[in-house]
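Okay, so here's the structure we're looking at.
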Amino acid sequence: MGQRHAEVYSKHPRVTISGFFDIQNLLARKLASKYGTITYNEFTDIMEDSSIDAVSICTPNALHFDMLKFAIESEKNILVEKPIVTTSEHCNSLLKMMEKSTSKIMVGQTHRFYPCNIALKSLLDSNKVGIPKIVNTFDYIPGRNPGQIMPKWIKQDKISGGGVLMTDFIHTVDKIPWLMNSPIRKVHAHLISNFISKSNVEDAIVTSMELTNGVVATCVHGCPSPGAFDMSIKIIGTNGEINMRFADELEIIKRERTSIDYPHRGNPKEHTDNAFFSEINEFINSIIEKRKPKVTHFDGILAVQIILAIYRSFKEKRTITI
Ligand SMILES: NC(=O)c1ccc[n+]([C@@H]2O[C@H](COP(=O)([O-])OP(=O)(O)OC[C@H]3O[C@@H](n4cnc5c(N)ncnc54)[C@H](O)[C@@H]3O)[C@@H](O)[C@H]2O)c1
């Protein structure tokens, strides 16, 4: 992910890349040479450089907290990858740290920036299917996308903070409240382990969620799909239905079907590139314009708290109210 952030920053007219730090120095050196800049020996060296306005944290999940702490203490603006942190204790500490901080944090909840999701939200916000009542999502197995290589730490819960829930379903628990303009209130979940691969973390989830506005969501995530890569959502409202497949079909169904066009439809690579550019552009603009970014640390923390509630629901075999 660090490479992807670097590529976007390198093309952005308002950004100069100051340098890179990676525990594997060779990787940092490769990026520094590609973008004509330097490497840092320690993360703290970046913090001590007062010419740096902002940092991107793209390390494995459980390492985010310590890096955030340093960056907040040094009053840097921060784009941190999802999940912002992985434990309830770290959610609470981060909220406390941010109370007194001048740092701005944006969280890489990239799904809010996919053109297909932006088009879907616009249909919902303009009341095209009336009041939404039911949401149904189905998502692919991360790692089965052709060409995608998943890092090994993703199956080590001490580093990843969990399985497919923490690393991927966190996008869905951020996306649904954003689409529905309402927070998640209750969760009830079944997790499935050792279904796709042998590991000590879950690799699939079936869950139902209730939102404060009464919308009910059912989600199947991480299951094998014949097409390998599949991400789809169906929304049923009081005046029709919307179906969407990632970077592909978007249709409104009433008496008849109406297909909706949107930028980069039919081209998943262009779609993804565009989402990362929009996300990082939003981070930079929020700094320049001295305003809150579209995905704040509160949003990031809420998403983690929902994921932790889902783990509890499975463990305690009951519905959890957030
Ligand atoms: N927004 C998205 O759609 C999206 C997609 C994939 C990954 N991510 C997130 O991005 C983050 C990184 O994931 P990835 O797939 O790039 O992982 P990765 O393993 O490919 O890259 C992580 C990098 O961090 C480095 N690193 C490890 N420990 C370090 C330390 N202590 N100090 C400095 N560097 C260290 C590693 O050497 C490696 O180069 C994760 O939080 C992941 O959840 C987000």
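Just a few scattered comments:
- Against the list (1) surrounded by 15 or more Cβ atoms within 10 Å (Cβ to Cβ); (2) β-branched (Val, Ile, Thr); (3) within 11 Å of the ligand (Cβ to nearest atom); (4) not in a helix (DSSP H, G or I), the condition ILE149 fails is (1).
- Candidates PHE70, PHE65 - the one that is free of Cβ contacts under 8 Å to residues at least 40 places away in the same chain, within 12 Å of the ligand (Cβ to nearest atom), farther than 26 Å from THR16 by Cβ and not in a strand (DSSP E or B): PHE65
- Applying the criterion of being among the hydroxyl-bearing types (Ser, Thr, Tyr), surrounded by fewer than 19 Cβ atoms within 10 Å (Cβ to Cβ) and at pLDDT 95 or above to the residues of segment 161-216, the residue that is farthest from LEU302 (Cα to Cα) is SER208.
- Single condition LYS104 does not satisfy, out of (1) closer than 29 Å to ILE233 by Cβ; (2) more than 9 Å from the ligand (Cβ to nearest atom); (3) crowded, with 20+ Cβ neighbours inside 10 Å: (1)
- Flag if ALA54 is in contact with a Leu (Cβ under 9 Å, 6 or more places away or on another chain), more than 10 Å from the ligand (Cβ to nearest atom) and under 22 Å from ILE280 (Cβ atoms): yes
- In segment 253-269, the residue that is farthest from the chain's Cα centre (by Cα) out of those that are hydroxyl-bearing (Ser, Thr, Tyr) and over 11 Å from PRO115 (Cβ atoms) is THR258.
- In segment 14-33, residue nearest to the ligand (Cβ to nearest atom) [restricted to those that are under 15 Å from SER56 (Cβ atoms) and among the hydroxyl-bearing types (Ser, Thr, Tyr)]: SER18
- Residue satisfying condition, being surrounded by fewer than 17 Cβ atoms within 10 Å (Cβ to Cβ), under 22 Å from PHE169 (Cα atoms) and either at pLDDT 95 or above or more than 19 Å from the chain's Cα centre (by Cα) (or both), within set ASN92, ASN41: ASN92
- For ILE78: the one exception among (1) outside any strand (DSSP E or B); (2) within 21 Å of ILE280 (Cβ to Cβ); (3) outside the structural domain of ALA309 (by TED's automatic domain parsing); (4) in contact (Cβ under 8 Å) with a residue 12 or more places away in the chain: (1)
- Index of the failed condition, THR258 passing every other in (1) buried (at least 20 other Cβ atoms within 10 Å of the Cβ); (2) assigned to a strand (DSSP E or B): (1)
- Meets criteria (of a type in the set (Gly, Ala, Ser), under 20 Å from VAL55 (Cα atoms), at pLDDT 95 or above and surrounded by fewer than 22 Cβ atoms within 10 Å (Cβ to Cβ)) for SER122: no
- The number of residues in segment 277-305 that are under 15 Å from ARG14 (Cα atoms) and among the hydrophobic types (A, V, I, L, M, F, W, C) comes to 6.
- Here is the figure for segment 283-298: residues that are basic (Lys, Arg) and crowded, with 17+ Cβ neighbours inside 10 Å total 1.
- Hits in segment 254-288 (condition: among the small types (Gly, Ala, Ser) and without any contact (Cβ under 8 Å) to a residue 12 or more places away in the chain): SER259
- One residue from THR110, THR87 being more than 10 Å from the ligand (Cβ to nearest atom), closer than 23 Å to LYS152 by Cα and touching a residue at least 60 places away in the same chain (Cβ under 8 Å): THR87
- Residue in segment 297-312 that is out of contact with any Cys (no Cβ under 9 Å at 6 or more places or on another chain) and among the polar types (S, T, N, Q) present: no
- Residue match in segment 231-239 (condition: on the phi > 0 side of the Ramachandran plot and surrounded by fewer than 15 Cβ atoms within 10 Å (Cβ to Cβ)): no
The values are calculated or read from the model by the stated rules, or taken from the named source; none is laboratory data. As the structure is a computational prediction, the values presented were derived from the model and not from experiment. Backbone-built Cβ (ideal geometry, glycine too); neighbour counts: all protein chains shown.
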